[in-house]
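Engineer: The structure under discussion is supplied below as structure tokens; questions concerning it will follow.
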Amino acid sequence: MEISNLPKHVGIIMDGNGRWAKLRNKNRSYGHQVGSKNVDTIVSHAFKSGVKALTLYAFSSENWARPVEEVDKLMKLIEQYLKKFIKKVVKNGVRLSIIGSRENLSENLVKLISECEEMSKANTDRYLNIALNYGGRGEIVRAVNKLILENKEITEKAILESLDTADCGEVDLIIRTGGEKRLSNFLLYQGAYSELYFTDVLWPDFKKEEFDKAIEEFSKRNRRFGKV
Ligand code: IPE
Ligand code: IPE
Ligand code: MG
């Protein structure tokens, strides 16, 4: 697909796994399993399309309130994803960052995250951020506290550059699958001027063609940033 006006940084709220499973009389975890398989498809496709940075919402700071079995399954799937795709990611020149708080994550997962980030830290072609135990408000608080500790002035620019997504700047387009029309605490600061794209398609069904539709819609939007 040839599109002149591509978003540089895209965020995706990968929602609807639970409902996808329910429609098939399966448990929610099955939906997460199928949904997790879709991640690699969309990551590869987005980078092939020319997107420079991709931020995926995998687990919010509020998702801890779900049943413990579901949380455990999600953590396991994230661990599997990291183990399975890290080599491919590194080979393709992608810098992988797990954004969000490390608090409450298992020791094993924290270690794996550090290893993955270390392996890909020299890459600067493209950026893949996985938002895990992430909330936009918490991220802003962490960014401001970092600046205070470093004795730096608190300015809008300094906060933007102190966020977990510092290398990727603002987010041009936020896609949410699954039909809900809300941000659920995702990229609140860097998304101040994002274009928003909502689709009813549930995450496990959100394939390349659906991604292309979102990009096409973005390319037609008139971004005014407050001007006339
Ligand atoms: C998104 O799917 C995955 C996570 C939030 C981890 P959901 O699990 O929220 O699916 P629905 O919204 O209940 O269908
Ligand atoms: C947002 O989805 C979080 C992720 C997709 C990881 P939720 O399903 O948790 O959001 P709400 O509860 O509908 O706002
Ligand atoms: Mg949901």
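The values are calculated or read from the model by the stated rules, or taken from the named source; none is laboratory data. All figures in this text were calculated on a predicted structure; none of them were measured in a lab. Here Cβ is always computed from backbone atoms with ideal geometry, including for glycine, and neighbour counts include all displayed protein chains. Quick note on the areas: whole protein, heavy atoms, side chains included, nothing else; ligands and nucleic acids left out. Shrake-Rupley method; radii C 1.70, N 1.55, O 1.52, S 1.80 Å.
Engineer: Give the dimensionless ratio obtained when the Cα radius of gyration of the range 150-201 is divided by 2.2 N^0.38 Å.
Structural biologist: Ratio of Rg to 2.2 N^0.38 Å for the range 150-201: 1.37.
Engineer: Another one. How large is ³J(HN,Hα), in whole Hz, for each residue of the range 168-174 in order, when computed from phi with the Karplus curve 6.51 cos²θ - 1.76 cosθ + 1.60 and θ = phi - 60°, using x for Gly and Pro?
Structural biologist: 9, x, 6, 9, 7, 9, 10
Engineer: Counting only C-alpha contacts under 8 Å and six or more residues apart, can you give the relative contact order of the chain as a whole percent? The partial results should precede the final answer.
Structural biologist: Details: 364 pairs, mean separation 67.1, N = 228.
Relative CO of the chain lands at 29 percent.
Engineer: Using only the Cα atoms, what convex hull volume per residue in Å³ does the range 26-83 have?
Structural biologist: Hull volume normalised by residue count: 87 Å³.
Engineer: Let me ask something additional. Relative to the present Cα-Cα distance, how much length would full extension add between Arg142 and Ala122 at 0.36 nm per residue of separation? Show your work: numbers first, answer last.
Structural biologist: Values: separation 20, 0.36 × 20 = 7.20 nm, distance 2.45 nm.
Value of the extension gain: 4.7 nm.
Engineer: Per residue, how much accessible surface does the chain expose to a 1.4 Å probe? Answer in Å², no decimals.
Structural biologist: For the chain, the per-residue accessible area is 54 Å².
Engineer: Taking the chain as a Gaussian network, where each spring joins two C-alpha atoms under 10 Å apart, which residue of Glu117, Glu70, Glu209 fluctuates the most?
Structural biologist: For the chain, modelled as a Gaussian network with Cα springs under 10 Å, the answer is Glu209.
Engineer: Across the range 37-94, how many lysine pairs, 8 or more apart or on two chains, come within less than 19 Å at their alpha-carbon atoms?
Structural biologist: 18
Engineer: Could you tell me the distance between the Cα centroids of the range 1-65 and the range 202-228, to the nearest Å?
Structural biologist: Distance between centres, Cα-based: 14 Å.
Engineer: Normalising by the residue count of the range 1-134, find the relative contact order in percent from Cα pairs under 8 Å and 6+ residues apart.
Structural biologist: 30 percent
Engineer: Still on this structure, please answer the following. Where in the chain lies the longest segment free of chymotrypsin sites (Phe, Trp or Tyr not before Pro) that are both loop residues by DSSP (not H, G, I, E, B) and have at most 14 other Cβ atoms within 10 Å?
Structural biologist: That gives 1-192 as the longest site-free run.
Engineer: Pop the C-beta distance of Ala65 and Glu170 into the FRET formula with R0 = 41 Å and round what comes out to the nearest 0.05.
Structural biologist: With R0 = 41 Å, the Cβ-Cβ based efficiency is 0.90.
Engineer: Tell me, what is the FRET efficiency for Leu149 and Lys22 to the nearest 0.05, using R0 = 45 angstrom and their Cβ-Cβ distance as r? The partial results should precede the final answer.
Structural biologist: Details: r = 45 Å, r/R0 = 1.01.
That gives a FRET efficiency of 0.50.
Engineer: Same structure, new question: For Asp72 and Glu103, what does the FRET efficiency come to when R0 = 22 Å and r is the distance between their Cβ atoms, rounded to the nearest 0.05? Provide the component values of the computation, followed by the final result.
Structural biologist: Details: r = 17 Å, r/R0 = 0.78.
For R0 = 22 Å, the calculated efficiency reads 0.80.
Engineer: What residues qualify as long-range amide H neighbours of Met14, i.e. H under 5 Å apart, gap of 5 or more or another chain, H built at 1.01 Å from N?
Structural biologist: Tyr57
Engineer: Rolling a 1.4 angstrom probe over the protein chains, ignoring ligands and nucleic acids, what is the accessible area of Lys87 in square angstrom, nearest 10?
Structural biologist: The accessible area comes out at roughly 150 Å².
Engineer: Considering the alpha-carbon set of the chain alone, what are its Rg and its Dmax in angstrom?
Structural biologist: 17.2, 55
Engineer: Give me the percent of the accessible area of the chain that comes from carbon and sulfur atoms, probe 1.4 Å, all protein chains in place.
Structural biologist: Solvent-exposed carbon and sulfur of the chain make up 49 percent of the total.
Engineer: Output the Kirkwood hydrodynamic radius of the range 127-228, Cα pairs only, in Å rounded to one decimal.
Structural biologist: One over the average 1/r among Cα pairs gives 15.3 Å for the range 127-228.
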